[in-house]
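See below for the structure under consideration.
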Amino acid sequence: MKYPLWLKLLMQLMLLGASISSPSLSPQLLHKLISGRDPLPPGVLIYHPEVLNALETLSVITDGETYKEFNGLYLRPLPKISPELWVNHTNTLLLAEGTGVLYPGMQAIAELAQLKFIDFTFPRRSLFKFNEFLKDTHQSSYFSSILQRRKLNADTQLISVSTATMSAQWMQSFDPKNSGLRVFHSQVDEHGGSRTVAIDSMVMTGNFLYDDFKGLQLLHLPLKNNLTFLILLSPQIRDKKSYKIPNQYNPLELLKRGNFETVDVQIPKLEFEYRTELVPTALNGMGIRRVHKKDADFSRLTLNKIKLSSMVHATSIRLDEFGINEEPFEIRTLAFSKVLRSNQLFMADRPFFFSIVSENQVLFTGEFLGP
């Protein structure tokens with residue numbers, strides 16, 4: 001069946017408009033690309049705003065075909081993070097010492113990232129200072145050396161480093177007196193299977209938004225400053241197969257699900273650091289294939305011929321009775337409904353997907369596979 005020319009043009013315009021208004025890099029896709037197919041225990045933790053900020057930084061200093069690969073990935077301008085949220089985050093470009101930089105390029109990234117120069121051939125002193133700077137920025141969490149000397153050499157030209165931690169208190173704190181060792185079915189490794197371990201866990205009974213669908217259980221745990229900690233439990237498994245982490249959902253859509261129920265909650269305490277390399281696999285998955293190749297065009301930053309050698313994203317979390325990366329404080333014990341058969345049971349005794357979201361923005365997404 002042949003269509004008139006005007007109808008073909010209209011359909012093309014509609015498709016073009018849809019591609020412009022709907023960014024291709026959704027939260028769930030970003031999570032999957034960065035976490036990879038087979039993440040290892042203890043898990044994954046990604047701070048979405050800083051990853052997007054790092055991508056935007058690269059886009060404003062590239063040109064030509066390299067720049068075009070960033071078009072349509074995410075909405076511009078990037079949303080701002082509320083100053084009321086206790087988020088520590090950094091975005092740094094490390095450039096090989098001696099590389100000439102154009103003033104317009106420095107202006108373009110002034111509001112997005114810090115620019116530092118490093119002798120990648122003999123980086124010991126400058127690398128130590130940079131790693132210490134990151135540790136000082138994230139005082140609430142322990143960061144080991146983000147950049148390691150063994151991964152640098154004379155061919156290293158440009159490195160992007162983004163980091164993030166945050167602090168937040170529960171609206172309804174867990175009572176430490178009720179915490180203790182409980183069973184957790186931990187994912188073994190990338191080859192699948194599970195093993196039973198004892199892990200320090202927290203329990204409480206309260207009124208929370210709860211939902212179950214497609215064999216999954218969803219729980220909303222409210223944090224102060226209009227934040228929510230979402231937990232989506234993996235389905236139960238049989239015959240010691242590997243757990244399938246339900247990371248295919250947009251956290252903002254999960255935020256709309258659930259009804260208030262009286263829920264008996266058990267979740268493990270979390271404490272881990274996550275560090276990952278986005279070059280080349282994650283960037284290739286996003287359609288960004290030129291920045292790390294020899295023909296990369298960084299002409300908005302420098303006249304030198306350079307490419308992106310590495311793109312590191314690092315985060316850490318400590319989740320306990322007080323909240324996220326919070327110092328201990330005295331908890332006032334409140335009376336809640338007793339444990340009854342009619343209560344919903346949410347027992348996070350197996351790997352799960354989680355997210356920290358505001359009303360309209362995904363902050364963190366993560367997976368906990370076990371200790």
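The values are calculated or read from the model by the stated rules, or taken from the named source; none is laboratory data. Given the structure is predicted, the values throughout are model-derived calculations rather than measurements. Reconstructed Cβ throughout: ideal geometry from the backbone, glycine too, with neighbour counts over all protein chains shown.
Say whether the condition of being part of a loop (DSSP other than H, G, I, E, B) and at pLDDT 95 or above is met by at least one residue in region 261-278. Walk me through it before giving the result.
Going residue by residue through region 261-278, those that are part of a loop (DSSP other than H, G, I, E, B) are 269, 278.
Narrowing further to those that are at pLDDT 95 or above: 269, 278.
The answer is yes; a qualifying residue exists.
The set of residues in region 82-116 being charged (D, E, K, R) and surrounded by fewer than 15 Cβ atoms within 10 Å (Cβ to Cβ) consists of 84, 97, 111.
So that you can scan it fast, the table gives a plain yes or no per residue for (1) touching a Pro at 6+ places or on another chain (Cβ under 9 Å); (2) free of Cβ contacts under 8 Å to residues at least 40 places away in the same chain; (3) closer than 23 Å to residue 24 by Cα; (4) among the β-branched types (Val, Ile, Thr):
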residue: 196; (1), (2), (3), (4): no, yes, no, yes
residue: 208; (1), (2), (3), (4): yes, no, no, no
residue: 216; (1), (2), (3), (4): yes, yes, no, no
residue: 232; (1), (2), (3), (4): yes, no, no, no
residue: 246; (1), (2), (3), (4): yes, no, yes, no
residue: 252; (1), (2), (3), (4): yes, no, yes, no
residue: 260; (1), (2), (3), (4): no, no, no, no
residue: 277; (1), (2), (3), (4): no, yes, yes, no
residue: 282; (1), (2), (3), (4): no, no, yes, no
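The selection criterion, being modelled with pLDDT of 95 or more and either closer than 18 Å to residue 39 by Cα or outside the structural domain of residue 40 (by TED's automatic domain parsing) (or both), holds for residue 346.
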